[in-house]
Structure formats: structure tokens, C-alpha cells
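Okay, so here's the structure we're looking at.
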Amino acid sequence: TIEGIVAREILDSRGNPTVEVEIGLDDGTIARAAVPSGASTGAFEAVELRDGVKDRYNGKGVENAVANIEDRIVEQLLGYEASEQRLIDQKLLDIDGTADKSELGANAILGVSLAVAKAAASSAELSLFRYLGGPNAHLLPVPMMNILNGGAHADSNVDVQEFMIAPIGAPTFRDALRSGAEVYHALKAVLKKKGLSTGLGDEGGFAPDLPSNAAALDLIAEAVQAAGYQLGTDIVLALDVAATEFYKDGSYVFESAQKSADEMVNYYAKLAEAYPIVSIEDPLAEDDWAGWSAMTASLGSKLQIVGDDLFVTNPQRIARGIAESAANAVLVKVNQIGSLTETFDAVELAHRNGFRTMMSHRSGETEDTTIADLAVATGSGQIKTGAPARSERVAKYNQLLRIEEELADAARYAGAGAFPRYRS
Ligand code: PGA
Ligand code: ZN
């Protein structure tokens, strides 16, 4: 039974304020959760409440969200069993009363929602992934490691936001993580040798200035080989283009030229022929539904096409994407929709309709590792949580190591089966 809730303002990995929530139960259980924050946010995401007081954290304070928890949520939740997740989340939505969670703030609601789940798991003496996923949760996700950052996450000239490696050939998650870390270090050496910057972007990947987006893939290919792996079998590639960021007045301003949706699709087709790319996220802008359907019609049988800004983890937008065959996979971010229940609903809707899911961090993160457990609980088969470096990223990968260890012989690594092109 929920006995008390405390909220506070803490810092995220970019040094910006975010919400942390602690929940105490009558059996002595105390659980804590923290809320992540994006930079290349979708226009249709639930509202992250910021104070807007200019002389505090440049307006980014979250004291109002914290106050909303303490003044408007706590009293309403006292006496609930922490295991009543759906009822509690529904109660939070009712108190808020808006479609976009702008009254209480999605950051307030999500902090409470996640802390409730962790308290319930802890009270039941279960790991979070077992509590959320039940006895059959056993699939370890492929880590989609973002080792080269561009777009809104870097100060470089590179348009594509994320260049990811996916170690699909490894037998276990632990081996996958090792190969990713080895490639990451090899990439650093390659950049150094070429006199390129080894400074990091927001998600821990390197962020050099480069002549083209393909040049980033060439550097990664070189690093994979230098680390002793085979590109295309051991390790494959994935992109998050985050195209909404460079969509201006109906065209894509990409590599210093204006391109139509068709031209972008042709570009991706060529890129996927030249490199072993298995997944492209946000290849087109969040409003360009026709472009997405054209992309999926032409490349969807070979590539995973992932909607992030397009779907914003929102079941209504995912339903439209299913109806219009606008993609074949959903990026899942708990703070885009703002509660655990709605996150589960989004995943379930996707899976029931043959869409894959990729559990995801935000570019602004904390030490909270909930998404690692969520990836295993939902059987997503894929997680993206940044480079295999920097503690707020590595915390999630380390939690997956612990989960794999706990599952022992029952654990199965998703590997190549996670992607259409490599399905055997
Ligand atoms: P964001 O980036 O957290 O800044 O939105 C992550 C992504 O686009 O997937
Ligand atoms: Zn994205």
C-alpha cells in the first residue's frame, strides 16, 4: 500500500533539471525513478513541464512539476496497492484531464508511474523485468549502440543524428556489448589517426565534422574491421536520421541540398545497398505521412523502418501508421507518452500488428535503468541507449548484463532474428 510519495528536482546528463520520485509502501519498501528528456523532440509528444523562470536553469527548472506531484497527486494515491498500475495510471490521467498531459506535466506523471512499478516489484521481491514481464520474459535485446553522433546531438556538420552498430552475430548480450565497446574504441583510434575530433555528442558517440553522411559509415566500417569483426555478419548498421529536424517548408535540407521525400527514399535505397543497414529511424518528417508510406512500400521488405517523432509512442498515431503502412517498427520512449500503462499499450498494439519495437532512452538521461527491464519485459528484442560509454548510457547496458545473469540458461539473445533482413 502506498504510504508516501516524495518528488525532487535533480540533474540529467546534460546538466538540465529533471524530476525524481520516491515512493514508500507500508511494508517498508522504498523505490525511486527519474525522468529522461529529449532534445530532438517530436511535436506530438506529451508535454514536459518546464518552469520558464529565466533566471533559474535558463527557464528549464521543474519545480512546478515537482509541486504538482506533492500538491495534487500524493493525496490521491495514498492507500492504493502499488501493484494496481493500470488503476493508478488512469487516476493520474484523470487528475491531469488533458490529452497531452500539460496540466500536471508528463514529467510529473511518468516519474510517479515508474516509481509505482519499481515499488511494486521490490515489494514482491522480484526484479523489475520479472515483475513487469512475468515468468516468460527471457529475450535479451540487441543493443543498438550509437557510436557516432550528429544532428541536434552534436555541434558537427553531420545531418544524420545517430549512426548505430548492432552486434547481431554475438551469441549472448554480454558478448554483444563487448564487441560494441571494442568497435567504439577502434573508432576512436581511427578518428585520431585521421586527425578528426574525438569529442563526444550527447549520447556518448564521437562527433567529428565529416564531408558526408556516407563518410561516417565508412569510418565505422573501418573501425569494425580494425576491431576484428565482420561487417554484415557480426555487426550490422542502423541510422536515426531524425529528419523532422531538417524538414523546412515541405522539403528536406540534407547535405546542403533541398530534397523531396522521393529523393530521400532513393538516397536511403542506395545507402542500404552500399552498407549493411538493417534499420532506419525517422527517415522522413513527423508530418510527412505520404512520404513514410512510400518509403515503407519501397524499402519495408528489406529494412526496419522505425517511427520515433512520427509515432511518439502514442497508440493513436501508431494505429494510423498501421492503417497506412507508414512504417514497420515503433521506437518506444516512456516520456513521449508519459505513463507506463500507455507505454505497454503502445508496445502491445505494435506487436499485435506485426510491427517491431525498439526500447529507447532520451538524449538527456539519468542513472535510472527502467528501460533495460522494460526491453526484456516486453520482449522488444532491441534497445537503443547510446554509446557503450558514459555512465547514464552504460547504466542501462550494465542492467541488461545483470538481467542476463539472473536468467542464466533461460536467457536468449535476440541477435539476427530481431531484423527482417536477417531473419533466418
Ligand atoms: P532525443 O533523441 O531524445 O533528443 O529526442 C533521441 C531520438 O531521436 O531517438
Ligand atoms: Zn529518434
Handout entry: Every pair of residues 6+ apart whose Cβ atoms lie under 8 Å, when the first sits in the stretch 301-316 and is on the phi > 0 side of the Ramachandran plot while the second is part of a strand (DSSP E or B) and within 11 Å of ligand 1 (Cβ to nearest atom)
Key = 313/331; 313/332
Completion exercise
Scanning the stretch 249-288 for residues that are within 16 Å of ligand 2 (Cβ to nearest atom) and among the small types (Gly, Ala, Ser), the one farthest from residue 159 (Cα to Cα) turns out to be 279
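Looking at residue 3, is it acidic (Asp, Glu) and either in contact with a Phe, Trp or Tyr (Cβ under 8 Å, 6 or more places away or on another chain) or part of a strand (DSSP E or B) (or both)? Break it down into steps so the answer makes sense when it comes.
Values: acidic (Asp, Glu): yes; either in contact with a Phe, Trp or Tyr (Cβ under 8 Å, 6 or more places away or on another chain) or part of a strand (DSSP E or B) (or both): yes.
In short, yes.
Out of the residues in the stretch 143-194 that are out of contact with any Leu (no Cβ under 9 Å at 6 or more places or on another chain) and within 16 Å of ligand 1 (Cβ to nearest atom), which is most open to solvent (accessible area, probe 1.4 Å)? It would help to see each step written out before you state the result.
Narrowing the stretch 143-194 to residues out of contact with any Leu (no Cβ under 9 Å at 6 or more places or on another chain): 144, 146, 151-153, 155, 159, 168-169, 171, 175, 178-186, 188-189, 192-193.
Next cut, within 16 Å of ligand 1 (Cβ to nearest atom) only: 144, 146, 151-153, 155, 159.
On the way: 144: 0, 146: 2, 151: 27, 152: 49, 153: 9, 155: 162, 159: 40 Å².
Among them, the one singled out is 155.
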Completion exercise
Being within 15 Å of ligand 2 (Cβ to nearest atom) and within 23 Å of residue 248 (Cα to Cα) narrows 291, 307 down to just 307
Exercise for the section: Assess whether residue 329 counts as being open to solvent by less than 10 Å² (accessible area, probe 1.4 Å), free of Cβ contacts under 8 Å to residues at least 40 places away in the same chain and on the phi < 0 side of the Ramachandran plot. Expected result: no
Practice task
Would you tally the residues in the stretch 46-84 being open to solvent by 10 Å² or more (accessible area, probe 1.4 Å), touching a residue at least 40 places away in the same chain (Cβ under 8 Å) and either farther than 17 Å from residue 14 by Cβ or among the hydroxyl-bearing types (Ser, Thr, Tyr) (or both)?
Solution key: 15
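Which one of 313, 296 is buried (at least 18 other Cβ atoms within 10 Å of the Cβ) and under 17 Å from the mean Cα position of the chain (by Cα)? Can you show your working first?
Details: 296 fails: under 17 Å from the mean Cα position of the chain (by Cα).
Only one candidate passes the filter, namely 313.
Can you find a residue that is assigned to a loop (DSSP other than H, G, I, E, B) and more than 26 Å from residue 98 (Cα to Cα) anywhere in the stretch 29-46?
First pass over the stretch 29-46, keeping only residues assigned to a loop (DSSP other than H, G, I, E, B): 29, 35-36, 38-46.
Those left that are additionally more than 26 Å from residue 98 (Cα to Cα): 29.
Checked the stretch 29-46: at least one residue is assigned to a loop (DSSP other than H, G, I, E, B) and more than 26 Å from residue 98 (Cα to Cα).
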Problem - Test result for residue 412, basic (Lys, Arg), out of contact with any strand residue (DSSP E or B) (no Cβ under 8 Å at 6 or more places or on another chain) and over 27 Å from residue 150 (Cβ atoms) - result: no
Handout entry: Residue in the stretch 47-66 that is farthest from the chain's Cα centre (by Cα), counting only those that are within 16 Å of residue 92 (Cβ to Cβ) and in a loop (DSSP other than H, G, I, E, B)
Key = 49
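Looking for whichever is in a helix (DSSP H, G or I), open to solvent by 40 Å² or more (accessible area, probe 1.4 Å) and of a type in the set (A, V, I, L, M, F, W, C) here; the options are 110, 132, 93. Which one fits?
Values: 110 fails: open to solvent by 40 Å² or more (accessible area, probe 1.4 Å); 132 fails: open to solvent by 40 Å² or more (accessible area, probe 1.4 Å).
The unique qualifying residue is 93.
The values are calculated or read from the model by the stated rules, or taken from the named source; none is laboratory data. Computed from a predicted structure; not experimentally measured. As a convention, Cβ positions derive from the backbone with ideal geometry for all residues, glycine included, and neighbour counts pool all protein chains shown. The protein model used for the area step is the full one, side chains on, heavy atoms only, and it has no ligands, DNA or RNA in it. Shrake-Rupley method; radii C 1.70, N 1.55, O 1.52, S 1.80 Å.
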